[in-house]
1. Of everything in region 205-220, what is more than 18 Å from residue 118 (Cα to Cα), in contact with a strand residue (DSSP E or B) (Cβ under 9 Å, 6 or more places away or on another chain) and polar (S, T, N, Q)? Give them in sequence order.
2. Can you tell which of 285, 260, 320, 308 is under 14 Å from residue 234 (Cβ atoms) and in contact with a Gly (Cβ under 9 Å, 6 or more places away or on another chain)?
3. Among the residues of region 56-66, is there at least one that is buried (at least 16 other Cβ atoms within 10 Å of the Cβ), farther than 29 Å from residue 161 by Cβ and not assigned by TED's automatic domain parsing to the domain that holds residue 347?
4. Under 6 Å between Cβ atoms, at least 6 apart or on separate chains: pull out the pairs that start in region 342-361 with a residue that is of a type in the set (Ser, Thr, Tyr) and end on any residue that is modelled with pLDDT of 65 or more and surrounded by fewer than 21 Cβ atoms within 10 Å (Cβ to Cβ).
5. Report yes if some residue within region 230-244 is within 30 Å of residue 50 (Cβ to Cβ) and at pLDDT below 95; otherwise report no.
6. Of all residues in region 153-167, how many are within 19 Å of residue 64 (Cα to Cα), part of a loop (DSSP other than H, G, I, E, B) and of a type in the set (A, V, I, L, M)?
7. Among the residues of region 262-272, are any under 21 Å from residue 330 (Cβ atoms) and either under 19 Å from the mean Cα position of the chain (by Cα) or aliphatic (A, V, I, L, M) (or both)?
8. Restrict the check to region 180-202 and report whether at least one residue is small (Gly, Ala, Ser), modelled with pLDDT of 95 or more and touching a Lys or Arg at 6+ places or on another chain (Cβ under 8 Å).
Amino acid sequence: MPDSRSISDAPFGPPASADLAVFDVALEPQGPAFLAGPDESILDAALRQGVALSYGCRNGACGACRGRVVAGRVHLPEGAGLRGLTEREVRAGWTLLCQARASSDLRIAARADGAGDGVRTLPARVASRTRLAHDVMELRLQLPPTERLRYRAGQYVDILLRDGRRRAFSLANCPADDALLVLHIRHVPGGTFSGHVFEDLEERSLLRLQGPLGSFYLRTESDCPVVFLAGGTGFAPVKAIIENALLAPLRREMHLYWGVRSERDLYLGDLPRAWARAHSRLQFVPVLSEPEPESGWSGRTGFVHEAVLADFPDLSGHEVYASGPPPMVTAARELFPEHGLDLERLFFDSFDYAYETGHDG
């Protein structure tokens with residue numbers, strides 16, 4: 001795992017003098033700006049002042065809070081590292097805002113999360129539970145009649161548990177269809193919350209959620225072709241993004257690659273096939289890593305990121321949105337830049353909070 005202090009050309013330096021009160025931190029390209037002390041993480045400083053930056057595990061593992069240092073210097077406290085970044089990303093000036101501290105005034109390329117009303121905590125009642133596959137449950141949540149959660153397609157919410165823990169789930173429906181909030185929940189063996197959802201969660205049960213969170217949403221200022229890379233229930237945020245994009249007058253070319261183990265894991269497979277039939281600008285490629293011999297599968301096989309590279313050996317001029325298991329997202333982050341993808345055009349939602357922090361999905 002990369003450790004910033006061993007890379008000489010990264011924007012890291014020694015800690016600032018303790019008698020320096022605060023530094024100015026400006027987010028690019030659209031702001032806002034806030035103040036950060038030398039002994040607090042940039043993420044903590046932002047959240048303290050109401051700036052909703054994207055984050056996940058808060059221990060440097062997931063990479064959700066990454067930002068690129070455009071100007072200025074940062075430092076890491078003793079024992080901290082950048083496990084959630086690749087070596088290439090660190091060399092290119094990226095850091096993790098949950099770990100980095102300001103050593104000077106800073107300009108950082110990162111986006112605030114909030115959409116519309118910003119991050120809110122709301123009650124939600126279980127409207128329905130529908131099993132989509134042997135290990136995937138669709139959970140539909142009803143907010144109070146006077147409330148709406150304003151979010152960008154692709155963002156997620158945290159379910160707040162009674163013991164103070166959180167479970168992060170992407171919203172699978174686009175904002176234009178927000179009467180109910182839709183989650184795709186995979187059953188994790190031994191998982192406390194996912195087990196509850198599958199075994200004994202009842203309709204009309206009351207939950208608490210916080211959101212919207214995350215910076216995994218389509219950048220509409222660009223018109224370059226888009227490659228979506230989804231693994232397992234990483235299809236959920238991609239589904240929301242694509243449904244939202246198909247409602248807009250955008251004419252961008254879109255390619256969806258969805259990787260699962262076997263054909264039964266394509267839990268809504270007919271939906272992207274219907275999109276592709278109805279919209280010539282969208283192509284759908286399902287990829288199975290372990291197809292069952294008796295299924296007669298004649299489509300693509302192997303790892304889904306390898307299927308993308310086989311079809312797009314040159315990714316320059318593209319945007320890539322990757323969502324799903326950590327190994328898939330890590331492979332994309334490590335290999336796609338070698339095929340011409342600009343790191344500034346790689347956006348990801350790694351479903352690794354559960355693995356790194358003890359959460360169970």
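The values are calculated or read from the model by the stated rules, or taken from the named source; none is laboratory data. Computed from a predicted structure; not experimentally measured. With ideal geometry, Cβ positions are generated from the backbone for all residues, glycine too; neighbour counts draw on all protein chains shown.
1. 205 - this is the single residue of region 205-220 that is more than 18 Å from residue 118 (Cα to Cα), in contact with a strand residue (DSSP E or B) (Cβ under 9 Å, 6 or more places away or on another chain) and polar (S, T, N, Q).
2. Just a single option satisfies the conditions, and that option is 260.
3. no
4. Hits for this filter: 350/326.
5. Within region 230-244, one or more residues are within 30 Å of residue 50 (Cβ to Cβ) and at pLDDT below 95.
6. 1
7. Among the residues of region 262-272, not one is under 21 Å from residue 330 (Cβ atoms) and either under 19 Å from the mean Cα position of the chain (by Cα) or aliphatic (A, V, I, L, M) (or both), which makes the answer no.
8. No: region 180-202 contains no residue that is small (Gly, Ala, Ser), modelled with pLDDT of 95 or more and touching a Lys or Arg at 6+ places or on another chain (Cβ under 8 Å).
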